[in-house]
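Every read-out reported here was derived from the displayed coordinates using simple, explicitly stated rules and does not represent laboratory data. Note that the coordinates shown come from a computational prediction; the quantities given were computed from them, not determined experimentally. Here the Cβ positions follow ideal geometry from the backbone for every residue, glycine too, while neighbour counts run over all protein chains shown.
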Amino acid sequence: MRRKIKIARILKINWIRDLSVSVVFNNGESRIIDFNIVFKKTGVDEKSDAFILFKTEEFARMELQNNTLSWSNVKQYITLRNNKKELVPFEIGADVLLKFSRPEKIDISSRIGRLIKEARMKTGLTQQELALRSGTTRNYISRIENNRSDIELDTLRKIIETGSSFQTDIIFN
């Protein structure tokens, strides 16, 4: 079971294509955000200064600032406690972006997770037993099998080396 994120944060931008972006959130998931949807849901329209972000070259000027996505090419003013206005880059909070995102399925890693699970079950091992043999935790094995975490190559090597049926099932499937 995936743990709840207390405060959503974006840790990394994987790629930007058209008006979509793939990011890594602090729960370890790579997620895709379609900004056609985000902009419409957050009220970015022709009257908004942020409307220029519908142009892909302007959208691609995105940066990761303060654990969220930011565009310095779009200015907005915020009112401070002393009622002074300050010019800041346009941002949408990471919590909103998480809400409008969807998991990014990475074909190879999801296949590896499925193969590990099938091989483990075929040999009659529990996740805990496989974790002990491969020097990791049951929670990590579960996350790999359920495509919630990427597998480290060293861990994959250890899992494959735990038994000949793992080698055959994972390498040749």
Run down the lysines and flag those whose C-alpha is under 18 Å from the C-alpha of Lys85, throwing out any fewer than 8 positions away in its chain.
Lys75
With labels modelled as points extended 7 Å from the Cα through the Cβ direction, what inter-label distance (nm, one decimal) is found for Lys40 paired with Arg138?
4.5 nm
Mind checking the full-extension length gain between Tyr77 and Thr126? Use 0.36 nm per residue of separation minus the Cα-Cα distance, one decimal, nm.
12.1 nm
Among the lysines, which fall within straight-line cross-link reach of Lys6, defined as a Cα-Cα distance under 21 Å, with same-chain neighbours fewer than 8 residues apart omitted?
Lys99
So what's the back-of-envelope 222 nm ellipticity for the chain, counting only DSSP H runs of four-plus at -39500 (n - 2.57) apiece and dividing by all residues, rounded to 500?
-10500 deg cm²/dmol
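Find how much the distance from Leu153 to Lys105 grows on full extension, using 0.36 nm per residue of separation minus their present alpha carbon separation; answer in nm with one decimal.
On the way: separation 48, 0.36 × 48 = 17.28 nm, distance 1.87 nm.
Extra length available between Leu153 and Lys105 comes to 15.4 nm.
Scale the Cα Rg of the chain by the rule-of-thumb value 2.2 N^0.38 Å and send over the ratio, two decimals.
Numbers: Rg = 21.2 Å, N = 173, 2.2 N^0.38 = 15.6 Å.
The chain yields a ratio of 1.36.
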Place a label point 7 angstrom from the Cα of Asn14 along the Cα-to-Cβ direction, then list the residues of region 71-97 whose backbone nitrogen is under 19 Å away.
94-97
